Structure formats: C-alpha cells, structure tokens
Amino acid sequence: MSTPSKPSAPAKPVNHKPLRKSAARLNAVQALYQMDVAATPLAEILAQFESHWIGQEIEGDEIAAADVTLFRDIIGGVVREQRAIDPILDAALVRGWPLKRIETVLRAVLRAGAYELTARPDIPPRVIVAEYVNVAAAFLDREETGMVNAVLDGIAREQRPGDFAG
C-alpha cells in the first residue's frame with residue numbers, strides 16, 4: 001500500500017521577466033552564431049527564431065519564452081554596430097588573439113555582451129556581464145566562460161566607469 005504523496009507546489013510561470021530576458025540573450029547568441037556560420041541574413045534569422053524557436057517545444061523540451069524586443073535589439077544592434085564593437089573587443093582581448101581568431105560561439109557571446117554594454121545604459125553593466133557569463137556556460141568550457149567574464153568586465157569598466165565608482 002502506497003502512501004498518498006503531498007501535492008506538489010504549483011509550477012512557477014515560465015514567463016517571469018528576468019527569465020524572458022535571459023532567454024532573449026541565449027537566443028540572440030544562437031542566432032548570431034547561425035548568422036556567422038551559415039551567413040543567414042538578418043530578416044531571415046529573426047523570422048526563423050521568432051516562428052520556430054522562441055517559446056516553442058523542441059524534442060519534448062519547452063524553450064523558455066523570450067523577450068522578443070530585447071532579442072531583436074541585440075541581433076539588430078550587433079549587426080548595425082559591429083564595426084564599432086569589434087575594435088573594442090580586439091582591444092580587450094589578449095594580444096595576438098584578435099576577435100577573428102576566436103571560436104564562433106565565443107565571438108557571438110562577446111559581441112552581444114559588448115553591444116549591450118556600449119548601447120544599453122538602462123541595463124546595469126554587472127547584470128549584462130553576469131547574463132553573458134551564464135549564456136557562455138551553456139555552450140563553452142570553464143576557461144572560456146572565465147574569459148567572457150574578464151573581457152566583458154574590462155569593457156564595462158572602460159565604457160561605463162561611473163557604474164563602478166564608489
């Protein structure tokens with residue numbers, strides 16, 4: 001005879017605002033990766049992710065709903081500002097390892113993070129760095145994740161020094 005189990009706590013909604021923003025960043029990195037590897041045009045990548053990936057169930061796993069506005073801003077911003085972002089990243093990387101020599105996923109993470117640090121003063125830089133370290137951890141090993149932290153933290157301190165005073 002089995003004992004009745006306690007009713008489980010209600011599931012937390014998937015659409016919490018912080019989760020939606022994290023999902024937008026994760027999807028943006030995936031989209032930037034695909035754009036880099038397959039040369040997928042911006043309009044096509046936006047349509048593809050918004051209709052087939054974001055907030056969908058894939059192979060039995062529900063993909064978290066993403067803040068589509070943030071997703072679009074990151075993708076469009078990286079594409080629009082890449083000529084300004086890449087030299088900032090090159091300067092922050094170890095000498096002899098320019099951005100073009102960095103693995104594609106790592107490059108996508110760094111570009112997205114650098115875009116937000118330079119173009120989104122409404123988001124605290126520590127939040128941006130932490131978010132992209134978490135995104136990096138989903139795809140990269142510990143050493144590369146540490147590199148994301150160091151590079152983006154350096155850019156944050158250079159681009160937004162007032163956020164670190166005091």
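Would you say Ala84 is more than 16 Å from the chain's Cα centre (by Cα), exposed (fewer than 14 other Cβ atoms within 10 Å of the Cβ), of a type in the set (A, V, I, L, M, F, W, C) and assigned to a helix (DSSP H, G or I)? When the stated conditions are applied, Ala84 passes them. Criterion applied to Ala136, Ala92 was being touching a residue at least 60 places away in the same chain (Cβ under 8 Å) and either over 24 Å from Leu46 (Cβ atoms) or open to solvent by less than 40 Å² (accessible area, probe 1.4 Å) (or both), and the one residue passing it is Ala92. Of all residues in segment 100-148, those satisfying the criterion of being outside any helix (DSSP H, G or I) and acidic (Asp, Glu) are Glu103, Asp122, Asp141. Screening the candidates Ala91, Ala47, Ala65 for the property of being at pLDDT below 95, in a loop (DSSP other than H, G, I, E, B) and of a type in the set (A, V, I, L, M) yields one hit, Ala65.
The values are calculated or read from the model by the stated rules, or taken from the named source; none is laboratory data. This one's a predicted model, so the numbers in the text were calculated from it and none came from an experiment. Cβ coordinates were reconstructed from backbone atoms using ideal geometry, including for glycine residues, and neighbour counts include every protein chain displayed. Accessible surface areas use protein heavy atoms only, side chains included; no ligands, DNA or RNA. Shrake-Rupley method; radii C 1.70, N 1.55, O 1.52, S 1.80 Å.
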